[in-house]
Amino acid sequence: MRISYAAGYVAPLPDGHIFPMKKFSGLHSYLLAKNVIKENSIIEPGMAEFSSLQTVHSSRYSTAVWDGSLTKKEIRRMGLPWSKGLAIRSRLAVQGTINAGIMALQDGIAGNLAGGTHHAMPDHGEGFCVYNDVAIAIKMLKQAKWVHKVLVIDCDVHQGNGTAEIFKDDDDVFTFSIHGEKNYPFIKPPSTLDVGLPDGTTDKPYLMTLESALQDILSRFNPDLVFYLAGIDPLETDHFGRLSLTLNGLIDREHLVIETITQKEIPMVLLLSGGYAPTLQETVEAHAIMFQAAKKYSNRYFH
C-alpha cells in the first residue's frame, strides 16, 4: 500500500492552538514503527501547481494563500494563522491526495497521511481547511480521463460543506456525508446524500445507519474511484464531536467501509480529515486504525 507523506505536512502553529498539527508526523512514525507501512512505500509529493488548485479555487484565493495577502477576516475564518509553512503544507497535502488517487487506480488502495480538507470553498478556507484537496484531486483525475464517476464517503463528524458546494451540479460525483446534525458547519449545502445524526449517537445506530447508506448508494451509483474521509471526531472523547462512538466502534467503522468498497474491487483513497482526541498520541492511534484495516483488505483483494 503506497502512501503520500512529506515532512512539510507539519507547519508551525502557536503554542496552545487546538489543531493537532503534529499528528501528521506522529502518524507517519507510528505506522512505520508498527510495520503498517514500509519506508519504500512512502511517496513524497511536491507542491500542487496553481493550475491544479484553480480547477476548484479562484485565482485570487489560490494566490493569496501563497503570498500571504489574505485578509484578517479570511485568516480568522480559516482557523489557522497564515505562514509560508502553512502555504507550503497546503500545496503539498493537495498533491499528496492527487498522487494517492493515481496510486489507488494503479494498486487498488492508497492513502495520504493528511487530506480530507472538506470545508474549503472555492474562494475561501474555513474550519482548519485551506484548499479542498479531494475536490481538486477529483477535478484533475476527471480532466485527465482517469475517472468518470467518483464517490466521496465523508465520515468526519462535520458535514462536508465545501465538497458538497463544489460538486452540487456534477451528477458524476456522489457526495455522501454522515455527520452530527447540530454540529459545525451551521449552514450545510446539500450533499448528494446527507445523514445527520443526533448528539450522543452510539456505536450500534451509527454503524447500522452507515451500512444501510453505503448499500443504498452502491446499488444505484457505480464509481470508478472512492475517496474515504475517515475523520476520527465521532469518538465520544473528541473535543468537537458531540457523537459517542467508542474506539471499538471506530474500528468497526473502518472495517465496514473499507471491506464494503474493496469487496467490490473499487479503487479507494484513504484520507485523515478531522480528529481532536484528548492527547496527540490518542489522535495518532485513532487515525492509524484506518491504515491497519486497509492493510488487511488490500492484501486480500488487491495484489
Correct choice for Rg and Dmax of the Cα atoms in Å that was computed from the model, options (i) 22.2, 74; (ii) 23.5, 75; (iii) 17.4, 50: (iii)
Evaluate the relative contact order of the chain (contact order divided by residue number), counting alpha-carbon pairs under 8 angstrom at least 6 apart; express in whole percent. 20
What is the spin-label model distance, in nm, from Leu207 to Phe240 if the labels are put 7 Å beyond Cα along the C-beta direction? 2.7
Thr63 paired with Lys84, simple spin-label distance in nm, labels 7 Å along Cα-to-beta-carbon: 1.9
For the chain, the dipole about the Cα centre with charges only on Cβ (Lys and Arg +1, Asp and Glu -1), to the nearest 20 debye, works out at 580
Determine, for Thr237, Thr117, the number of other Cβ atoms within 10 Å of each Cβ, and report the residues in order from fewest to most. Thr237, Thr117
Give the cross-link partners of Lys38 among the aspartates and glutamates, using a straight C-alpha distance below 20 Å as the criterion and excluding same-chain residues fewer than 8 apart. Asp107, Glu285
Scalar couplings 3J(HN,Hα) for the stretch 238-248 by Karplus 6.51 cos²θ - 1.76 cosθ + 1.60 (θ = phi - 60°), nearest whole Hz, x for Gly and Pro, are 5, 4, 10, x, 6, 9, 10, 6, 8, 4, 5
Convert 4 °C to kelvin, take the viscosity as 1.567 mPa s, use the Kirkwood radius over C-alpha pairs of the stretch 155-252 as Rh, and evaluate the Stokes-Einstein diffusion coefficient in µm²/s, rounded to a whole number. 94
Under 12 Å from the Cβ of Ala48, count the other residues' Cβ atoms, weight Lys and Arg +1, Asp and Glu -1, and hand me the total. +1
The set of residues whose placed amide H lies less than 5 Å from the amide H of Met121, leaving out same-chain residues fewer than 5 positions away, is Glu126
Select from Gly162, Gly116, Gly108 the residue whose mean-square fluctuation is largest in a Gaussian network model of the chain (Cα-Cα springs shorter than 10 Å). Gly108
Selected from His158, His124, His148 as most flexible by GNM, with the chain as the system and alpha-carbon contacts under 10 Å: His148
If each DSSP helix of 4+ residues adds -39,500 (n - 2.57) and the sum is divided by the residues in the chain, what number results at 222 nm, nearest 500 deg cm²/dmol? -13500 deg cm²/dmol
Provide the per-residue ³J(HN,Hα) series for the stretch 161-178, in order, calculated from phi with Karplus coefficients 6.51, -1.76, 1.60 and θ = phi - 60°, each as a whole number of Hz, with x at glycine and proline positions. 5, x, 5, 4, 5, 5, 9, 4, 10, 10, 6, 8, 10, 9, 9, 10, 10, 10
Length released on extending from Leu256 to Leu193, taking residue separation times 0.36 nm less the Cα-Cα span: 20.8 nm
From the alpha carbon gyration tensor of the stretch 158-204, can you work out the equivalent ellipsoid semi-axes (sqrt of 5 times each eigenvalue) and give them in Å, largest to smallest? 21, 12, 6
Choice from Thr55, Thr71, Thr246 with maximal GNM fluctuation in the chain (Cα, 10 Å cutoff): Thr71
Could you state the number of Å between the C-alpha centres of the stretch 106-149 and the stretch 1-77? 12
With x for Gly and Pro, the residue-by-residue ³J(HN,Hα) of the stretch 83-100, computed from phi through the Karplus equation 6.51 cos²θ - 1.76 cosθ + 1.60 at θ = phi - 60° and given in whole Hz, is 8, 4, x, 5, 5, 5, 4, 5, 6, 4, 5, 4, 5, x, 6, 4, 4, 5
Note down the nm distance, to one decimal, between modelled labels 7 Å out along Cα→Cβ at Ile18 and at Asp170. 3.0
15 Å beta-carbon shell around Pro122, net charge (K/R +1, D/E -1): -3
Please give me, ordered by residue number, the trypsin sites (Lys or Arg not before Pro) of the stretch 95-169 that lie in loop per DSSP and have at most 13 other Cβ atoms within 10 Å. Lys145, Lys168
Report, in listed order, any pair from Lys73/Lys139; Lys145/Lys182; Lys23/Lys73; Lys23/Lys295; Lys182/Lys204 with a Cα-Cα distance greater than 30 Å. Lys145/Lys182
Where does the Debye-calculated log10 I(q)/I(0) of the stretch 1-123 sit at q = 0.20 Å⁻¹, using only Cα point scatterers of equal weight, no solvent? -1.18
Which translational diffusion coefficient, to the nearest whole µm²/s, is obtained for the stretch 1-57 from the Stokes-Einstein equation, given a Kirkwood hydrodynamic radius over C-alpha pairs, 10 °C and 1.306 mPa s? 119
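Coordinate-derived values only; no laboratory data. Just so you know, these numbers come straight off a predicted model, no measurement behind them. Methodologically, a virtual Cβ is constructed for each residue, glycine included, from the backbone with ideal geometry; neighbour enumeration extends over all protein chains shown.
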